[in-house]
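*Asks:* Below is a structure I'd like to ask you about.
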């Protein structure tokens, strides 16, 4: 029997991106899937437009922005309660190849120890340019993560990016949901490190092709995003690094110095807030939620 897959997208004031992604999902050559959009507290008319224009999609409204992990967990909980064998977390600012899901499921089924599968992710602006081969690795000495930009063996993959992440039901039941301490950034790395610690394997389905928007420069220049990123990084290293304080401060100081050299004092202060507060929720006290554009990362 073909496994049941629940595709989960988060929407936050991003109707046009979400609608484009949904259009591509309708062309999937896979016979047993459903699509759930979790509207993460949109402040515009996104939810009503999704409801009116895409009635084939299950729409769940959270009523407030729960962050990436929190919003995804709402969708995952719904999927598991309705019999999903796999959940596919997919960024809403992507479009997918028609064979993308079939390739991921086939890879997942090739070994019962595979808990999560990623895609070959390409740039929407440069369709032949790889943004990430599934995911990447974490350098604890420099306190940072990097994505693989070419094909590598599965055993080299330390995490699958949440931009396209297929997770088996058994793996979720084994280690639990995404950690909502990570409001934004690093939640995918944390989840995959937990999987690997529990002896699950990661894999990449190279024939699963996903194109992702690379208009993340706005987000990369945002002080709010710096606060989120560095607070989440500190939380990640506290959980997983051999020397948490070392990793946190080396990575944080490198990013802080880079911004200080440029004279960008707002972002310098944001990096400092992220490093010292550690909790993303504490680091963002008093800050507005980011705009839709600034909320995008180069990859989730």
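Just so you know, all these numbers are worked out from the coordinates, no wet-lab data involved. None of these values were measured; they are calculated from a predicted model. In this analysis, Cβ positions are derived from the backbone assuming ideal geometry, glycine residues included, and neighbour counts consider all displayed protein chains.
*Asks:* Taking 0.36 nm per intervening residue step and subtracting the Cα-Cα distance, what contour gain separates residue 238 from residue 125 on full extension?
*Replies:* Gain on extension, residue 238 to residue 125, equals 37.1 nm.
*Asks:* So, one more: Arrange the peptides 60-67, 203-210, 181-188 so that the one whose residues have, on average, the most other Cβ atoms within 10 Å appears first. Display every interim value, and only then the final one.
*Replies:* Working: 60-67: 17.1, 203-210: 21.8, 181-188: 25.1.
Ranking, from highest mean packing down: 181-188, 203-210, 60-67.
*Asks:* Further question: Please work out whether segment 93-250 counts as rounded, prolate or oblate from its C-alpha gyration tensor, where a ≥ b ≥ c are the square roots of the eigenvalues and a/c under 1.5 means rounded, while otherwise a/b larger than b/c means prolate and anything else oblate?
*Replies:* oblate
*Asks:* With springs only between Cα atoms under 10 Å apart, run a GNM on the chain and tell me which of 225, 104, 124 wobbles the most.
*Replies:* Answer for the Gaussian network model of the chain: 124.
*Asks:* With angles folded into 0 to 90 degrees, how steeply does helix 187-197 sit against the dominant principal axis of the chain? Use alpha carbons for both and round to 10.
*Replies:* 80
*Asks:* Now for a different question. Would you mind putting 111-122, 234-245 in packing order, based on average other-beta-carbon counts within 10 Å, highest first?
*Replies:* Descending mean neighbour count gives 111-122, 234-245.
*Asks:* While we're here: Report, in degrees rounded to the nearest 10, the 0 to 90 angle that the Cα long axis of helix 244-261 makes with the longest principal axis of the chain.
*Replies:* The angle comes out at about 70 degrees.
*Asks:* Once a ≥ b ≥ c are taken as the square roots of the eigenvalues of the Cα gyration tensor of segment 41-135, is the result rounded (a/c under 1.5), prolate (a/b larger than b/c) or oblate (a/b not larger than b/c)?
*Replies:* Working: a/c = 1.94, a/b = 1.31, b/c = 1.47.
Note, shape of segment 41-135 comes out oblate.
*Asks:* Between the helical axis of 15-25 and the dominant principal axis of the chain, each derived from Cα atoms, what acute angle in degrees is found, rounded to the nearest 10?
*Replies:* It works out to around 40 degrees.
*Asks:* Run the numbers for residue 27 and residue 106: contour at 0.36 nm per residue of separation, minus the present Cα-Cα distance, in nm.
*Replies:* Result for the pair: 26.6 nm of gain on full extension.
*Asks:* When you take every Cα atom in segment 160-274, what is the radius of gyration, and what is Dmax, the widest Cα pair distance, in Å?
*Replies:* 16.2, 49
*Asks:* Tell me the volume per residue, in Å³, of the convex hull enclosing the alpha carbons of the chain. Mind showing how you got there, number by number?
*Replies:* On the way: hull volume 36.1 nm³, N = 300.
With only Cα atoms used, the chain gives 120 Å³ per residue.
*Asks:* What's the extension gain from residue 198 to residue 44 if we count 0.36 nm per residue and subtract their Cα-Cα distance?
*Replies:* 51.3 nm
*Asks:* Can you order the peptides 11-23, 261-273 by their average number of other Cβ atoms within 10 Å per residue, highest first?
*Replies:* Descending mean neighbour count gives 11-23, 261-273.
*Asks:* Can you compute the FRET efficiency between residue 254 and residue 207 using 1/(1 + (r/R0)^6), with r the Cβ-Cβ distance and R0 = 41 Å? Round to the nearest 0.05. Please list the in-between numbers first.
*Replies:* Values: r = 37 Å, r/R0 = 0.89.
About 0.65, to the nearest 0.05.
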